[in-house]
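Peer 1: Sharing a structure below in structure tokens format, with a few things to ask.
What follows is calculated from the coordinates using simple rules that are stated; it is not laboratory data. In this text, all values refer to a predicted model and were calculated from it rather than measured experimentally. All Cβ positions, even for glycine, are placed from backbone atoms using ideal geometry, and neighbour counts span all protein chains on display.
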């Protein structure tokens with residue numbers, strides 16, 4: 001993905017703004033009054049939160065942004081406005097008398113959050129009316145609208161704003177019924193919000209059914225469900241796509257949804273296809289969760305990450321997600337290569353063999369035996385590394401597109417449903433010994449045994465360590 005200049009993109013963000021305040025310090029003893037740590041506060045950090053964080057992300061990425069919301073006539077509101085304007089956000093914030101700016105206070109020690117306290121009261125109705133009036137005025141100059149609804153009162157009637165908009169509208173919902181966002185171009189609930197608004201599900205098929213019901217009943221074109229460590233799921237007209245979460249160390253999930261909403265607003269303004277919008281949003285969310293507290297992603301950061309990505313839909317999947325991904329790739333004319341193994345201790349032989357396998361097609365699928373099946377196949381003491389660790393290491397290889405764990409002793413069930421064009425195994429096998437070879441040849445696939453890297457084997461490594 002190559003990011004164009006965003007200088008002419010103007011995103012109007014409307015919603016609940018708040019101030020995120022962080023108290024950080026050291027903790028060396030417990031209170032005598034209660035079994036709680038005593039924090040010696042050494043630093044105070046204020047950051048825009050909620051809709052204000054969405055606006056900050058928009059300008060950080062290089063687009064223009066106008067923010068409409070409400071603050072109180074207080075120090076928190078003034079601090080919030082100063083920070084936003086200094087960053088380049090155009091603020092048209094209603095100052096509500098006798099009401100306090102929403103404040104979230106987090107107490108941290110050693111970069112770990114110990115406590116969060118929220119200071120908030122419902123926004124007065126008159127202030128909510130004023131927010132809607134100001135929002136309509138700014139719609140004429142916007143290229144996209146983001147409704148960031150934390151259900152604090154700023155968006156009393158989102159459907160009326162959606163109806164007035166002549167540009168794409170992205171909605172990040174909270175507790176309201178999805179029917180309140182009727183006609184939106186894109187709805188971005190997280191998994192918990194979708195479950196609360198549409199009902200539970202047992203598997204990916206159930207999730208997709210819930211989303212389709214929401215789309216039909218609320219007349220929403222595209223739904224992007226953010227699912228934390230499970231990535232994102234996109235459903236649009238004739239399109240269903242699962243994007244695995246990027247393989248990154250998660251430091252703090254605060255504000256990741258705000259970042260995704262900002263990227264979705266920008267890409268909707270650019271009139272990108274839904275899948276491309278979701279891929280970039282997923283990539284941006286992956287960057288921000290590696291940062292501390294409420295954070296933003298800059299244009300250069302995202303451009304660099306997008307340029308380094310051969311495809312944002314790479315990574316670890318469950319079986320249903322992999323089946324869908326393979327079907328989409330095959331529909332696009334891509335050639336699927338499949339291999340499997342325990343990959344208990346990754347070594348140079350594995351890396352060379354996977355690189356050689358990837359060169360045989362467009363997408364390399366690696367199926368990895370789960371812990372129980374490795375124990376059955378390899379015996380006591382194996383695996384050395386748990387399945388989550390093995391998948392994580394393999395996901396870091398540029399040659400590997402998709403990873404899936406399987407519980408059976410052989411991959412034949414997976415081969416039967418995926419039907420890859422090429423099945424490959426390492427050079428320590430013969431073509432006749434490759435499990436699933438007959439099945440693959442029966443539907444017209446190819447079986448390849450690759451070259452062997454000498455002096456590389458997991459068993460030999462373990463013997464040398466003993």
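Peer 1: Short version: what are the Cα gyration tensor semi-axes of segment 71-152, square root of 5 times each eigenvalue, largest first, in whole Å? Walk me through the numbers on the way to the answer.
Peer 2: On the way: eigenvalues 137, 57, 34 Å².
The equivalent ellipsoid of segment 71-152 has semi-axes of 26, 17, 13 Å.
Peer 1: Next question, about the same structure. What are the extents of the Cα atoms of segment 134-271 along their three principal axes, listed from largest to smallest and rounded to whole Å?
Peer 2: 42, 33, 31
Peer 1: If I fit a long axis through the Cα atoms of helix 125-139 and take the longest principal axis of the Cα atoms of the chain, what angle between them do I get, 0 to 90°, rounded to 10?
Peer 2: On a 0 to 90 degree scale, this one is about 70.
Peer 1: Considering only DSSP beta bridges where both residues belong to segment 10-310, give the percentage that are antiparallel (nearest 5).
Peer 2: 50
Peer 1: Please state the relative contact order of segment 316-465 as a whole percent: Cα pairs under 8 Å, 6+ residues apart? List each step's numbers first, then the result.
Peer 2: Values: 242 pairs, mean separation 41.5, N = 150.
Once divided by the residue count of segment 316-465, the mean separation gives 28 percent.
Peer 1: Let me ask something additional. Between 0 and 90 degrees, rounded to the nearest ten: what's the tilt of helix 256-269 against the longest Cα principal axis of the chain?
Peer 2: Result, in degrees: 90.
Peer 1: Peptides 429-437, 315-323, 114-122: what's the order by average Cβ count within 10 Å, highest mean first? Spell out each step's value before the answer.
Peer 2: Working: 429-437: 14.6, 315-323: 20.0, 114-122: 12.4.
The peptides rank, most packed first, as 315-323, 429-437, 114-122.
Peer 1: Just to be sure I understand the model, the point goes 7 Å from the Cα along the line to the Cβ. What's the resulting residue 175 to residue 221 distance in nm?
Peer 2: My value for the distance between the label points is 3.1 nm.
Peer 1: What's the extension gain from residue 38 to residue 347 if we count 0.36 nm per residue and subtract their Cα-Cα distance?
Peer 2: Values: separation 309, 0.36 × 309 = 111.24 nm, distance 4.68 nm.
Computed gain between residue 38 and residue 347 is 106.6 nm.
Peer 1: Return the ratio Rg/(2.2 N^0.38 Å) for segment 10-310, where Rg is computed over Cα atoms only. Don't skip to the answer; put the middle values down first.
Peer 2: Numbers: Rg = 19.1 Å, N = 301, 2.2 N^0.38 = 19.2 Å.
The reported ratio for this selection is 0.99.
Peer 1: Find the all-direction average of the projected area of the Cα convex hull for segment 1-122, expressing the result in square nanometres with one decimal place. All intermediate terms of the calculation are to be shown ahead of the outcome.
Peer 2: On the way: hull surface 40.5 nm².
Averaging across all directions leaves 10.1 nm² for the Cα convex hull.
Peer 1: Starting from the Cα-Cα distance between residue 95 and residue 31, subtract it from 0.36 nm times their residue separation and give me the gain in nm to one decimal. Provide the component values of the computation, followed by the final result.
Peer 2: Working: separation 64, 0.36 × 64 = 23.04 nm, distance 3.99 nm.
Here the segment from residue 95 to residue 31 would lengthen by 19.1 nm.
Peer 1: Kindly provide the helix-only [θ] at 222 nm of the chain, computed as the sum of -39,500 (n - 2.57) over DSSP H runs of four or more divided by all residues, to the nearest 500 deg cm²/dmol?
Peer 2: Numbers: 16 runs with 169 residues, N = 466.
Result for the chain: -11000 deg cm²/dmol, rounded to the nearest 500.
Peer 1: Also: Could you give the nm distance between label points at residue 136 and residue 407, where each point is 7 Å from its Cα heading toward the beta carbon?
Peer 2: 5.7
Peer 1: Find how much the distance from residue 8 to residue 116 grows on full extension, using 0.36 nm per residue of separation minus their present alpha carbon separation; answer in nm with one decimal. Mind showing how you got there, number by number?
Peer 2: On the way: separation 108, 0.36 × 108 = 38.88 nm, distance 3.85 nm.
Value of the extension gain: 35.0 nm.
Peer 1: Which three semi-axes in whole Å describe the equivalent ellipsoid of segment 316-465, each the square root of 5 times a Cα gyration tensor eigenvalue, listed largest first? Spell out each step's value before the answer.
Peer 2: Details: eigenvalues 112, 56, 45 Å².
They are 24, 17, 15 Å, listed from largest to smallest.
Peer 1: Considering Cα pairs under 8 angstrom that are at least six residues apart, work out the relative contact order of segment 34-180 and quote it in whole percent.
Peer 2: Rounded, it is 18 percent for segment 34-180.
Peer 1: Let me ask something additional. For segment 54-99, what is Rg from Cα atoms divided by 2.2 N^0.38 Å, rounded to two decimals? Don't skip to the answer; put the middle values down first.
Peer 2: Values: Rg = 10.9 Å, N = 46, 2.2 N^0.38 = 9.4 Å.
Cα-based Rg divided by the globular estimate yields 1.15.
Peer 1: Label points 7 Å out from Cα along the Cβ direction at residue 159 and residue 192: separation in nm?
Peer 2: In this crude spin-label approximation the distance works out to 2.7 nm.
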